[in-house]
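Notes for the one structure printed next.
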Amino acid sequence: MYNPNLPLVYHPNYSFSFDPKHRFVVSKFARLKQYLATKGVLKDNLYQGQIGHYSDLELVHCEQYVRDLYHNQLCDKAMRRIGLPWSEQLMARTFTAPLGTYLTAQLALQHGVACHLAGGTHHAHFDFGSGYCMVNDLAYTATRLINERKVHNVLVFDCDVHQGDGTAAMLAHHPFVFTCSIHCEKNFPFRKQSSDLDIGLPVGTNDNTYLSVVESTLIDLIEQLNPDLVLYDAGVDVWQEDTLGKLDISWQGLEKRDRAVLSICNRKGVPVATVIGGGYDKDHERLAKRHAIVVEQAAKL
């Protein structure tokens, strides 16, 4: 049923002791890994990224910002905008996760598809963090791959319910990265940035409309751009019961979306690296299962 060779990327520092009542569920990464193991998706196909350091992220972020973040020297206002309490464990995972997305992309180039059990921190900007995002793994991965000449061009295909404003701003003038965000228009961030292509959906958009937009948009972009790699942000906060969503996408709609995105890339011969993006739920086990959808669909290809 599942492809045992699907590369999955994870690091033990992704989850740590954290307030279980906080809206951002830090335990979801470990729960996701455990769930995939019980389902038989995760066996001998797990890869571990390198421990990251703030200097790694200076590739795309302001040097002063990442240093101050790492050393807990940001002002209170800047930390409130991020929305997470500073800790050494949080810094360890923050600067490791982008290297995990980069490794996932490398594995996707080798295998056709690979999945990161984290990532999608698309609200992080050049010199500030926002919306639970401190550094931008998508901007980092796309920029590093192009700088190293591992790819010529990258499509960032962001289907999180919130616009990928940080990614859009950071990559706005990059000639070889195309950013596309399909999101709920009347939702965070309330001050949008300009992606190369933004599709803002109305509150309450249902499965049929949503899936039609996602599929037609991806097909058109691949035909126009012929990308060497798709970075797919498979945010599950589009689900109809997500606490920060506002769209009306069913669980089956999530499955169909991820299956469609992965199948289109496969059919077009374009490698795709997935990140889990956003998802919010008081039921932490259910949240992990929601994030597992994209991995399970990839394993079924």
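The values are calculated or read from the model by the stated rules, or taken from the named source; none is laboratory data. A quick note: this is a predicted structure, and the numbers were derived from the prediction, not measured. All Cβ positions, even for glycine, are placed from backbone atoms using ideal geometry, and neighbour counts span all protein chains on display.
Can you name the residue in the stretch 55-80 that is surrounded by fewer than 15 Cβ atoms within 10 Å (Cβ to Cβ) and basic (Lys, Arg) and is also nearest to Phe188 (Cα to Cα) among such residues?
Among those residues, the one meeting the criterion is Arg80.
Taking the condition surrounded by fewer than 22 Cβ atoms within 10 Å (Cβ to Cβ) and farther than 21 Å from Ala288 by Cβ, does Val151 pass?
Yes: the conditions hold for Val151.
Only residues that are in a loop (DSSP other than H, G, I, E, B) and either buried (at least 19 other Cβ atoms within 10 Å of the Cβ) or in contact with a Cys (Cβ under 9 Å, 6 or more places away or on another chain) (or both): list them for the stretch 28-54, please.
The answer is Val41, Leu42, Asn45, Gly49, Gly52.
Could you check the stretch 247-281 and list, in sequence order, the residues that are surrounded by fewer than 23 Cβ atoms within 10 Å (Cβ to Cβ) and either hydroxyl-bearing (Ser, Thr, Tyr) or at pLDDT below 95 (or both)?
Those that are surrounded by fewer than 23 Cβ atoms within 10 Å (Cβ to Cβ) and either hydroxyl-bearing (Ser, Thr, Tyr) or at pLDDT below 95 (or both): Ser250, Ser263, Tyr280.
Quick one: is Val135 over 27 Å from Tyr2 (Cβ atoms) and hydrophobic (A, V, I, L, M, F, W, C)?
Yes, satisfied.
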